[in-house]
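Below is one structure; the comments refer to it alone.
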Amino acid sequence: MFETQADWWAAFRADSPGWGRTLEQAVAGGFRADRLAWAFCSGYQGALRRLFPTLPGDRMATFCATEAGGNTPKAIFTRLQAAGEGWRLDGEKSWGSVATPDSILYVVARTNDRQEPRPQLRVAAIAASAPGISIHPMSPPGFVPEVSHARIVFADVSVSGEDVLPGDGYDTYLKPFRAIEDMHVTSAVLGHLIREARVRSWPRTWVQRVLAVLLSLQDIDVREFASPHGHIALAGALGLAGDLIAQAEDFWAEAPSDDPARRRWARDRRLLEVASAARKARIESAWQRVAR
């Protein structure tokens with residue numbers, strides 16, 4: 001299968017044009033993956049194509065939001081300042097997934113002074129190879145070590161006016177991306193598990209339930225999920241997906257202890273818990289909005 005991120009990307013890039021919707025791309029990429037690392041990458045790239053429809057199919061992308069203090073608006077101090085007919089970008093992002101010199105970086109930055117209590121955010125789309133950008137690879141975490149992560153520094157980077165995207169950086173991009181990424185990565189993981197189910201003869205009834213959840217996620221995506229009711233429905237579908245993934249643990253336990261796929265799953269499943277706190281906060285906010 002794919003041994004490196006570059007190998008995975010070549011296959012994903014070649015196959016993506018055959019799938020019309022980004023969730024379909026995510027599921028197909030997950031089904032093709034022999035490990036969670038490539039399922040995550042497929043879901044992540046699908047999510048970015050959902051959020052940024054003009055992202056070229058032959059370019060990998062990275063969403064650059066997280067800084068030393070986190071990824072909430074108040075934690076973002078990377079600065080985008082008007083300069084003549086364009087902009088200048090300065091700052092540092094502490095965590096960027098799959099960033100390479102050939103990537104497109106979608107950078108969330110504030111346009112007002114850091115002393116002002118309410119950040120005004122915009123998003124700039126910049127080639128990672130642009131002058132003033134440096135990518136510093138980080139040591140892999142204890143799970144999905146095949147996926148690259150980097151600290152990204154922006155030093156007086158020139159940004160054209162047309163590369164600063166329309167809309168508010170938080171409401172239009174940062175806030176919805178959290179749900180979009182959950183939806184796409186979960187779909188890719190379920191696609192990956194269907195692959196394993198077919199290879200390992202896991203119960204058909206389990207596969208049926210996985211397919212039902214995937215179809216529900218597709219429907220939620222079509223109907224949009226910006227409303228609190230949409231977020232509640234999404235939380236329900238993701239909860240059902242979590243239950244099915246938990247059931248898959250029993251199936252993995254039946255595989256030989258030296259099975260490479262089983263060992264990778266045991267190592268990498270922590271990936272699925274990374275955004276759990278943000279997910280809980282999102283659903284609590286949705287229920288509060290409904291109550292009002």
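With respect to residue 61, is the statement that it is surrounded by 17 or more Cβ atoms within 10 Å (Cβ to Cβ) and under 23 Å from residue 265 (Cβ atoms) true?
Values: surrounded by 17 or more Cβ atoms within 10 Å (Cβ to Cβ): yes; under 23 Å from residue 265 (Cβ atoms): no.
Answer is no for this residue.
What is the residue count in region 88-107 for residues that are in contact with a Lys or Arg (Cβ under 8 Å, 6 or more places away or on another chain) and of a type in the set (Val, Ile, Thr)?
Result for region 88-107: 2.
Which condition does residue 41 not pass, out of (1) modelled with pLDDT of 95 or more; (2) in a helix (DSSP H, G or I); (3) within 22 Å of residue 171 (Cα to Cα), if it passes all the others?
So the condition that residue 41 fails would be (3).
Matching residues to (1) outside the structural domain of residue 111 (by TED's automatic domain parsing); (2) surrounded by fewer than 21 Cβ atoms within 10 Å (Cβ to Cβ); (3) under 21 Å from the mean Cα position of the chain (by Cα):
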{"position": "131", "(1), (2), (3)": "no, yes, no"}
{"position": "134", "(1), (2), (3)": "no, yes, no"}
{"position": "138", "(1), (2), (3)": "no, yes, yes"}
{"position": "141", "(1), (2), (3)": "no, yes, yes"}
{"position": "151", "(1), (2), (3)": "no, yes, yes"}
{"position": "156", "(1), (2), (3)": "no, yes, no"}
{"position": "182", "(1), (2), (3)": "yes, no, yes"}
{"position": "191", "(1), (2), (3)": "yes, no, yes"}
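Output the number of the condition that residue 77 fails; it satisfies all remaining conditions of (1) farther than 18 Å from residue 6 by Cβ; (2) assigned to a strand (DSSP E or B).
Among (1) farther than 18 Å from residue 6 by Cβ; (2) assigned to a strand (DSSP E or B), the lone unmet condition for residue 77 is (2).
Considering only residues that are of a type in the set (A, V, I, L, M) and more than 17 Å from residue 191 (Cβ to Cβ), which ones fall in region 205-261? I'd like the intermediate steps shown before the answer.
Going residue by residue through region 205-261, those that are of a type in the set (A, V, I, L, M) are 207, 210-215, 217, 220, 222, 226, 232-235, 237-238, 240-241, 244-246, 248, 253, 255, 261.
The answer is 222, 226, 232, 233, 234, 235, 246, 253, 255.
Would you check which residues across region 60-86 are closer than 18 Å to residue 134 by Cα and either touching a residue at least 40 places away in the same chain (Cβ under 8 Å) or not aliphatic (A, V, I, L, M) (or both) and list them?
Taking region 60-86 as the starting set, the residues that turn out to be closer than 18 Å to residue 134 by Cα are 60-68, 77-80.
Matches in region 60-86: 60, 61, 62, 63, 64, 65, 66, 67, 77, 78, 79, 80.
If you go through region 166-174 one residue at a time, do you hit one that is of a type in the set (Gly, Ala, Ser), over 18 Å from the mean Cα position of the chain (by Cα) and either buried (at least 21 other Cβ atoms within 10 Å of the Cβ) or modelled with pLDDT of 95 or more (or both)? Full working, then the answer.
Here is the first cut: in region 166-174, the residues of a type in the set (Gly, Ala, Ser) are 167, 169.
Okay, now just the ones that are also over 18 Å from the mean Cα position of the chain (by Cα), so 167.
Within this subset, residues satisfying the condition of being either buried (at least 21 other Cβ atoms within 10 Å of the Cβ) or modelled with pLDDT of 95 or more (or both) are 167.
Yes, the conditions are met somewhere in region 166-174.
For every residue, the table says whether it meets (1) among the aromatic types (Phe, Trp, Tyr); (2) closer than 18 Å to residue 144 by Cβ; (3) part of a loop (DSSP other than H, G, I, E, B); (4) not assigned by TED's automatic domain parsing to the domain that holds residue 187.
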| site | (1), (2), (3), (4) |
| --- | --- |
| 212 | no, no, no, no |
| 218 | no, no, no, no |
| 230 | no, no, no, no |
| 245 | no, yes, no, no |
| 257 | no, no, yes, no |
| 264 | no, yes, no, no |
| 267 | no, yes, no, no |
| 272 | no, yes, no, no |
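When you scan region 16-30, do you find a residue that is in a loop (DSSP other than H, G, I, E, B) and either closer than 30 Å to residue 119 by Cα or modelled with pLDDT of 95 or more (or both), even just one? Lay out the reasoning, then the answer.
Within region 16-30, the subset in a loop (DSSP other than H, G, I, E, B) is 19-21.
This time we only want the ones that are either closer than 30 Å to residue 119 by Cα or modelled with pLDDT of 95 or more (or both), so: none.
No: region 16-30 contains no residue that is in a loop (DSSP other than H, G, I, E, B) and either closer than 30 Å to residue 119 by Cα or modelled with pLDDT of 95 or more (or both).
Considering only residues that are buried (at least 17 other Cβ atoms within 10 Å of the Cβ) and modelled with pLDDT of 95 or more, look in region 262-289 and name the one that is farthest from the chain's Cα centre (by Cα).
262
Take residue 63 and decide whether it is in a strand (DSSP E or B), in contact with a helix residue (DSSP H, G or I) (Cβ under 8 Å, 6 or more places away or on another chain) and closer than 21 Å to residue 273 by Cβ. Steps first, answer last, please.
Details: in a strand (DSSP E or B): yes; in contact with a helix residue (DSSP H, G or I) (Cβ under 8 Å, 6 or more places away or on another chain): yes; closer than 21 Å to residue 273 by Cβ: yes.
Spelling it out, residue 63 is indeed in a strand (DSSP E or B), in contact with a helix residue (DSSP H, G or I) (Cβ under 8 Å, 6 or more places away or on another chain) and closer than 21 Å to residue 273 by Cβ.
Can you name every residue in region 114-138 that is part of a loop (DSSP other than H, G, I, E, B) and either modelled with pLDDT of 95 or more or farther than 13 Å from residue 90 by Cβ (or both)?
Keep residues of region 114-138 that are part of a loop (DSSP other than H, G, I, E, B), which gives 114-120, 128-132, 138.
Residues satisfying the conditions are 115, 116, 117, 118, 119, 120, 128, 129, 130, 131, 132, 138.
The values are calculated or read from the model by the stated rules, or taken from the named source; none is laboratory data. None of the values given here were measured: they were computed from a predicted structure. Neighbour counts are summed over all protein chains in view; Cβ atoms, including those assigned to glycine, are modelled from backbone coordinates with ideal geometry.
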